[in-house]
Amino acid sequence: MRNSTDTPSCPRYSRHGGARHAISAAALCGVLLAVTTACGDPGGKARSGGAAGNGNPAVSGSSRPATASGVPGVGERMGKQIPDDTRQLVVVYGDDRDSAEGTAVLYEKQGAQWKQSASWPSHNGRRGWTTDHQLDDERSPVGVFSLTDAGGTLRSPGTKLPYWYDDHAYAASVVDPDDEAHAHDFDYVIAINYNRLKGTPPYDWSRPEGVEKGGGIWLHLDHGDGTSACVTVPEAGIKTLLGTLDPADHPMVVMGDRDRLKG
């Protein structure tokens, strides 16, 4: 087992987690995972990833900031939670409060304007979204959270975020050794700072607000359907985010169903 900190990647998927990391493998994606779930049911079909401005009319075209926050589809209430010094945003637009599908968009601030850099199809909690996330509810938390730490089972593809590479700590709990549906889920992950300590590895088990509030919620590779609470994007998306997000720009994620993002 190898464990190192890079500043730019992610470990190779492993099904043989060491005892030292047993609790972290079980805690992935906001819940204590069932042995075959690893953030989602392997039965769904993956949607292909998109490039910048992939034609989603609900979020593309940041030349039309129709909200007080200046971020398309994000209302004043959520916009006020974005720090003034933030210049990079990942906005996850959930299709519906009970849907596991959505669109993730990367915005970067140019002057006073938010400009869309890229967008991808995404998945979130298999039961949708919640403003009161609890352990095992299978919903992703609605909110605005910072992005400070990354890692994975593969070495960094190049990132300015602190990166914890470990070839066992991110391994999913999969009983069937031939199940490839989730084999690369955690090749690369970016920790969402919901109920976690900043500056620690994504797999760190600390839960400042208590275990019942869930935790271990990440941005990671998509496996084609809903998760336990994480947000997933295609490999091209996670690599773009890792290569773009810069701590100097105080990156944040704004996430939730479209109605509550606008509210």
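The values are calculated or read from the model by the stated rules, or taken from the named source; none is laboratory data. Since the structure is predicted, the reported quantities are computational estimates derived from the model, not experimental observations. Methodologically, a virtual Cβ is constructed for each residue, glycine included, from the backbone with ideal geometry; neighbour enumeration extends over all protein chains shown. We work out accessible area using only protein heavy atoms, side chains counted, and drop any ligands, DNA or RNA first. Shrake-Rupley method; radii C 1.70, N 1.55, O 1.52, S 1.80 Å.
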> Taking the stated definitions as given, is residue 139 modelled with pLDDT of 95 or more, in contact with a strand residue (DSSP E or B) (Cβ under 9 Å, 6 or more places away or on another chain) and crowded, with 22+ Cβ neighbours inside 10 Å?
Replying inline: yes
> If you scan segment 214-263, which residues turn out to be hydroxyl-bearing (Ser, Thr, Tyr) and either out of contact with any helix residue (DSSP H, G or I) (no Cβ under 7 Å at 6 or more places or on another chain) or surrounded by fewer than 24 Cβ atoms within 10 Å (Cβ to Cβ) (or both)?
Replying inline: 232, 240, 244
> Using beta carbons and a limit of 9 Å, which pairs, at least six apart or on different chains, have the first residue in segment 94-109 and farther than 13 Å from residue 260 by Cα and the second one among the aliphatic types (A, V, I, L, M) and surrounded by fewer than 17 Cβ atoms within 10 Å (Cβ to Cβ)?
Replying inline: 103/58; 106/52
> Which ones in segment 74-101 are surrounded by fewer than 24 Cβ atoms within 10 Å (Cβ to Cβ), of a type outside the set (Ser, Thr, Tyr) and assigned to a loop (DSSP other than H, G, I, E, B)?
Replying inline: 75, 80, 81, 82, 83, 84, 85, 87, 95, 96, 97, 98
> Right, residue 158: at pLDDT 95 or above and open to solvent by less than 20 Å² (accessible area, probe 1.4 Å) or not?
Replying inline: no
> In segment 102-136, what residues are over 16 Å from residue 192 (Cα atoms) and open to solvent by less than 50 Å² (accessible area, probe 1.4 Å)?
Replying inline: 102, 103, 107, 114, 116, 117, 118, 119, 120, 121, 128
